[in-house]
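Have a look at the structure below before the remarks.
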Amino acid sequence: NVTGVQTCALPISSGALGSLSELIEVDAEWQSAVHAGLSDALNAIVVSDKSSAREALASLQRSDAMGAVVSLGDWTTKIAPVAVQGASSLRAFVRAKAGANASAVNSLLDALLARVVFVDLFDRGIDIVLERPDVVVVTSKGDRLATTSRSEEHTSELQSRFGISYAVFCLKKK
């Protein structure tokens, strides 16, 4: 589990596997950076398929609760991480816990962290974000540098690139 993560109060649906934070392991010294990199997705309830995602989202809407749902869907495409000089990928420091869905959760992590890089120096992170607005930069202290908001990164970009089976859905109280 990732420490310091609050999961949403989503009624359990038939395909719910748990929150993303419950389904992953993070190397101890990388907790803050991974927390910053995955952001709100850590709180999302992971479900097995589109049908379960629809059920969970309908439940959230009926209850007027805040929450997020991630559907594992059909993972057929490998997402390649961005390469940025002077930065490294966080992906090597986070992995799915062993289990029946480990491969799909690892693919989800590949997608969620594909544009996230780590830097040691805050100032270098600023330079990277200014040069590469498509990249999210995090530091070991949990700083997060990006040109878009967290919810925009996880919803609009993932929805437009991968469709409903690959998106993080967030419902917020009105």
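Percent of accessible area on the stretch 45-95 owned by carbon and sulfur, 1.4 Å probe? Present the calculation step by step, with values, prior to reporting the outcome.
On the way: 1400 of 2720 Å².
Heavy-atom surface of the stretch 45-95 belonging to carbon and sulfur, 1.4 Å probe: 52 percent.
Please give the length that would be gained between Asp127 and Thr147 if that part of the chain were fully extended, namely 0.36 nm times their separation in residues minus their C-alpha to C-alpha distance (nm, one decimal). If you can, show how the numbers build up before the last one.
Details: separation 20, 0.36 × 20 = 7.20 nm, distance 1.19 nm.
Taking Asp127 through Thr147 to full extension adds about 6.0 nm, to one decimal.
The values are calculated or read from the model by the stated rules, or taken from the named source; none is laboratory data. Treat the numbers as computed from the prediction; the structure is a model and nothing was measured. Only protein heavy atoms, including side chains, enter the accessible area calculation; ligands, DNA and RNA are left aside. Shrake-Rupley method; radii C 1.70, N 1.55, O 1.52, S 1.80 Å.
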